Every structure is written in C-alpha cells, then in structure tokens.
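See structure below.
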Amino acid sequence: MQRLKDLIQSAGTVLAFTGAGVSTLSGIRDFRGRNGFYNSQWEGIEVEDILSIDLFDRDPATFYRWAREFVYCLDRYQPSAVHLVLSELERKGYLKGIYTQNIDMLHQKAGSGAVWELHGSPSRHYCRTCNRVYSYNDVAPTVLSGKLPFCSICGTVVKPSIVLYGETLDTQLVDQAYRDMAKADVLLVLGSSLTVQPAASLPMAAYYHGGKIVIINAQPTSMDRYAKLRYDDLQTVFDALLPWAIDLEPKV
Ligand SMILES: [Zn+2]
C-alpha cells in the first residue's frame, strides 16, 4: 500500500478511471457487468434491450418503469471509500480528475468536481424535439409516481442524458479522455474490467505515453500485464487509503 501512496504523492498528474465495481461498493447493482443482471431479464425483456435507444423510442414507458427501480432511486445510495478518497485527493491537489463509466452521480455526491461521465448522467434530461433541459429533480418525482416525464413546452417524452445502447458516446469527450490519458503520469483504473470501448483502450493511451497504470479490480483485466501496481480488493485498499488521504497535506 505504501508504494501506491508514494506513487500518488510523487506523480505530476494523476487521473482516475472508474467503472461499475466502484458503484457496487455503494450497493448499486452492476447492470452492465457480467456479474450484475445484465444477462438477466426484467419483465421478460433483456436488460440490454431495455437500455437501448430502440426501445426508448418505441416504448419509453417500459424504459421508465425499469429506470424507476434502478436510476431514479439513486439518491438513497451513499459514496463509498473510493468516492471519498478521490474527492479528498482532488481537493488537496493530488488528483486532476475522474473519467467514469458510471451514471450514479456518486463522485459528485462525494464532493468531486472534475468528473467526466463517459456514459452520460441522469443529472440532466432533455427534450429531443425542442432541446429544453430538465434536471434529475425535475424528472424523478414524475417517474417515481409511475408517470412519464413530458416536456412542458412541446409534450415530447424527455430522455435522460445517459448513453443507451445504439447511441454513440460523446466523441468530443472521448477525444478529450484520450488526450488527458496521454498526459497522465499515473492512471488509477478502479472497478473496471476494461471490456467495453473506450474503456478497453483508454489506459493504453496513458501507458504508451509513459504513464504508470494502477489497476484495482476484482476480476482480471486485459491490461493487468501493463500495470505497475495491481490489487484485487477495492474496499480493502481504499479503507486503508481513506485515513491517509484525510491526513494528507495539500500539494504545494
Ligand atoms: Zn420539448
């Protein structure tokens, strides 16, 4: 653990990349991961189909009935030790920011400011007809009461700004991620098995430009052999890092 602390303290630019394993520490089920219910069904529909733009266009009521259980009750979850350590490191100048695959807004809840959400976020919703923007709090009460959230201007069903299957990631954000990874001296890869793009290739951008990779994930990843440090258990590592991060002097 000392090697990890030294690495973070001595590096110029540290970035974090977080995946579903970080959310599961907060009790959120991994709906995209292999150990979640991604492969299972919900009301007889494959979850991958529920999370597709195709189904959202055809049948938004089904999407929102699913999302009522898995997206619009996110406020009941609390940040984990991972979220708290990353927030503390950013506040003290040791972490430049976080790229995340998660859509649960827990990094922000923990106090992190520089968070880039590759798969979008339900913190923002928008009308695909008139582009009016709605917040999570505008939409959540309607969805939780079992109704569809309609645009107050034009009546179209509003859509959360999460990237559904069949939609493309924000290419500007992905480009920015590659550029930032290439400039990182240390990249912390946390709770991602690095199986989907661009997650699978982003750490390589750091590695090829001389960045040191730290991987902490329960399952093996394709990048393990490039990792400077490799741990399995996020909870154990970050429980140990939390008191250290709290006592750490701000970077000068
Ligand atoms: Zn509208």
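A few comments on the model shown:
- Of residues in region 115-134 being of a type in the set (Val, Ile, Thr) and in a strand (DSSP E or B), the one farthest from the ligand (Cβ to nearest atom): VAL115
Here is a yes/no grid of residues against (1) closer than 24 Å to ALA177 by Cα; (2) touching a Lys or Arg at 6+ places or on another chain (Cβ under 6 Å); (3) at pLDDT below 90; (4) among the acidic types (Asp, Glu):
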{"site": "SER26", "(1), (2), (3), (4)": "no, no, no, no"}
{"site": "PHE37", "(1), (2), (3), (4)": "no, no, yes, no"}
{"site": "ASP49", "(1), (2), (3), (4)": "no, no, yes, yes"}
{"site": "ASP57", "(1), (2), (3), (4)": "no, no, no, yes"}
{"site": "CYS73", "(1), (2), (3), (4)": "no, no, yes, no"}
{"site": "ARG76", "(1), (2), (3), (4)": "no, no, yes, no"}
{"site": "TYR99", "(1), (2), (3), (4)": "yes, no, no, no"}
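- Residue within region 230-241 that is crowded, with 23+ Cβ neighbours inside 10 Å, assigned by TED's automatic domain parsing to the domain that holds LEU86 and of a type outside the set (D, E, K, R) present: no
- Residue in region 42-75 that is nearest to ALA140 (Cα to Cα), counting only those that are in contact with a helix residue (DSSP H, G or I) (Cβ under 7 Å, 6 or more places away or on another chain) and open to solvent by 70 Å² or more (accessible area, probe 1.4 Å): ARG68
- Selection status of VAL85, more than 16 Å from the ligand (Cβ to nearest atom), outside the structural domain of ALA16 (by TED's automatic domain parsing) and crowded, with 19+ Cβ neighbours inside 10 Å: no
- Filtered residue count, region 180-198, keeping only those that are assigned to a loop (DSSP other than H, G, I, E, B), of a type in the set (A, V, I, L, M, F, W, C) and surrounded by fewer than 22 Cβ atoms within 10 Å (Cβ to Cβ): 1
- Residues satisfying the stated conditions in region 140-155, i.e. assigned to a loop (DSSP other than H, G, I, E, B) and either surrounded by 16 or more Cβ atoms within 10 Å (Cβ to Cβ) or in contact (Cβ under 8 Å) with a residue 60 or more places away in the chain (or both): GLY146, LEU148, PRO149, CYS151
- Set side by side, the residues ILE213, ILE246 differ, and just one is more than 30 Å from TYR64 (Cβ to Cβ), of a type in the set (Val, Ile, Thr) and surrounded by fewer than 16 Cβ atoms within 10 Å (Cβ to Cβ), which is ILE246.
- Residues within region 227-239 that are in a helix (DSSP H, G or I) and in contact with a helix residue (DSSP H, G or I) (Cβ under 9 Å, 6 or more places away or on another chain), tallied: 5
- Some residue of region 123-132 being of a type in the set (Gly, Ala, Ser) and touching a helix residue (DSSP H, G or I) at 6+ places or on another chain (Cβ under 6 Å): yes
- Checked against the criterion of being more than 16 Å from the ligand (Cβ to nearest atom), over 18 Å from PHE56 (Cβ atoms) and open to solvent by 20 Å² or more (accessible area, probe 1.4 Å), the candidates ASN102, ASN137 yield just one match: ASN137.
- Residues in region 145-183 that are away from the ligand (no atom under 16 Å from the Cβ) and of a type outside the set (D, E, K, R): 18 in all.
- Which listed residue, of ILE246, ILE215, is aliphatic (A, V, I, L, M) and in contact with a Pro (Cβ under 9 Å, 6 or more places away or on another chain): ILE215
- Taken together, the criteria place PRO149 among residues that are modelled with pLDDT of 95 or more, more than 18 Å from the chain's Cα centre (by Cα) and of a type outside the set (D, E, K, R).
- Subset of region 80-94 [of a type in the set (Gly, Ala, Ser) and in a loop (DSSP other than H, G, I, E, B)]: SER80, GLY93
The values are calculated or read from the model by the stated rules, or taken from the named source; none is laboratory data. Computed from a predicted model, the values in this text were never measured in an experiment. Cβ atoms come from the backbone with ideal geometry, glycine included; neighbour counts cover every protein chain shown. When the accessible area is computed, the model is the full protein with side chains, heavy atoms only, and any ligands, DNA or RNA have been set aside. Shrake-Rupley method; radii C 1.70, N 1.55, O 1.52, S 1.80 Å.
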